[in-house]
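Engineer: I have a structure here, written as structure tokens, and I will follow up with some questions on it.
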Amino acid sequence: MATSMKYIATFICRVSPSISHSVRQYQSRLQRLPARTCLSLSPFIHPRHSYCKAASLQDEAVAQATEALARYKDRPWDYLESEEYIERYGSSPVWADYRRNHKGGIPPQKTRKTCIRGDKICGNPCPICRDPNIIIHHQNVKLLQQFISPHTGMVLDSTRTGVCMKQQKKLNEAINTAQDHGLLSFQIPYVEFSGEDYSNSHDAVGSTPPPPSLTLGDNWYKWYGEILPDENEVAKVKKKYKAYLK
């Protein structure tokens with residue numbers, strides 16, 4: 001019995017350093033990795049076979065977002081017909097459920113200048129800046145129609161849609177370009193013209209009277225002969241062009 005206890009004690013003494021070493025490796029790895037990224041590390045799993053499930057999911061999400069951006073970059077109008085857009089917005093405009101965070105009970109009179117400054121994005125970006133798949137383009141007609149009033153045909157103000165000033169400027173330029181290319185219809189004010197506007201019975205637009213009988217030296221207009229030029233101005237002109245008046 002004493003011999004067996006001696007062997008057990010020797011085995012525990014030999015194994016304990018390896019266990020403590022693995023625990024130290026586990027703790028050092030936890031300190032190096034972020035708290036949210038590693039969920040499945042264990043001191044009993046060899047470091048070569050350990051993996052991080054959350055980190056792999058995050059990498060997959062980044063890869064999918066990059067693929068989606070590349071997919072809609074050349075054809076941004078395809079995003080509005082995709083299942084992803086319908087699931088997120090449905091049949092409502094992209095700005096329908098947007099509410100800007102602000103202090104106090106009175107909302108600001110103007111929207112922010114821009115939502116993205118370099119690599120930093122504000123806390124509550126505008127409806128266009130918050131979705132990277134929404135790209136303003138003059139051929140993206142369905143998106144542009146969401147920012148045009150169906151009653152007046154005018155572009156909705158940014159205080160109603162919540163779009164930042166930078167994106168609002170791009171919207172105005174894209175809408176004007178689409179209207180010039182015939183992709184968007186625009187209303188022209190109707191003015192009813194009467195027949196009097198095109199008649200030539202008025203003296204200002206009437207027929208030219210026949211020229212009067214003129215003799216040599218007479219002026220065409222009678223009042224032209226009554227105008228007397230300034231003598232000083234005449235002297236300056238004669239002095240300037242005296243070489244040509246000889």
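Every number in this text was worked out from the coordinates using simple rules, so none of it is lab data. Small disclaimer: the values here were computed from a predicted structure and weren't measured. As a convention, Cβ positions derive from the backbone with ideal geometry for all residues, glycine included, and neighbour counts pool all protein chains shown.
Engineer: In what sequence, highest mean first, do 154-165, 180-191 appear when ranked by Cβ atoms within 10 angstrom?
Structural biologist: Ranking the peptides 154-165, 180-191 by packing returns 154-165, 180-191.
Engineer: On to the next question. List, in order, the whole-Hz ³J(HN,Hα) value for each residue of the range 235-245 obtained from phi through the Karplus relation with A = 6.51, B = -1.76, C = 1.60 and θ = phi - 60°; use x for Gly and Pro.
Structural biologist: Each residue's phi maps through the Karplus curve to give 5, 5, 5, 5, 5, 6, 10, 5, 5, 9, 8 Hz.
Engineer: Which order, highest average first, do 124-135, 218-229, 140-151 follow once you tally other Cβ atoms within 10 Å for each residue and take the mean per peptide?
Structural biologist: Highest mean packing first, the order is 124-135, 140-151, 218-229.
Engineer: Here is a further query. Return the ratio Rg/(2.2 N^0.38 Å) for the range 59-127, where Rg is computed over Cα atoms only.
Structural biologist: Numbers: Rg = 15.3 Å, N = 69, 2.2 N^0.38 = 11.0 Å.
Expressed relative to 2.2 N^0.38 Å, the Cα Rg reads 1.39.
Engineer: Continuing with this model, one more query. Based on the alpha-carbon set only, what is the convex hull volume of the range 113-200 divided per residue, in Å³?
Structural biologist: 138 Å³
Engineer: Okay, which of the range 132-162 sit inside 20 Å, backbone N to the point 7 Å along the Cα-Cβ direction of ALA70?
Structural biologist: It comes to 132-135, nothing else.
Engineer: What aspartates and glutamates does LYS120 reach when the alpha-carbon gap must be under 19 Å and sequence neighbours fewer than 8 apart in one chain are set aside?
Structural biologist: Here the aspartates and glutamates satisfying the reach criterion relative to LYS120 are ASP131.
Engineer: Next up: So which of LYS103/LYS166; LYS110/LYS142; LYS222/LYS242; LYS103/LYS169; LYS73/LYS142 end up more than 20 Å apart by C-alpha?
Structural biologist: Check vs 20 Å cut-off fails for LYS103/LYS166; LYS110/LYS142; LYS222/LYS242; LYS103/LYS169.
Engineer: Ranking request for peptides 171-178, 114-121: highest mean number of other beta-carbon atoms within 10 Å first, then the rest in descending order.
Structural biologist: Values: 171-178: 17.5, 114-121: 11.1.
The densest-packed peptide leads the list: 171-178, 114-121.
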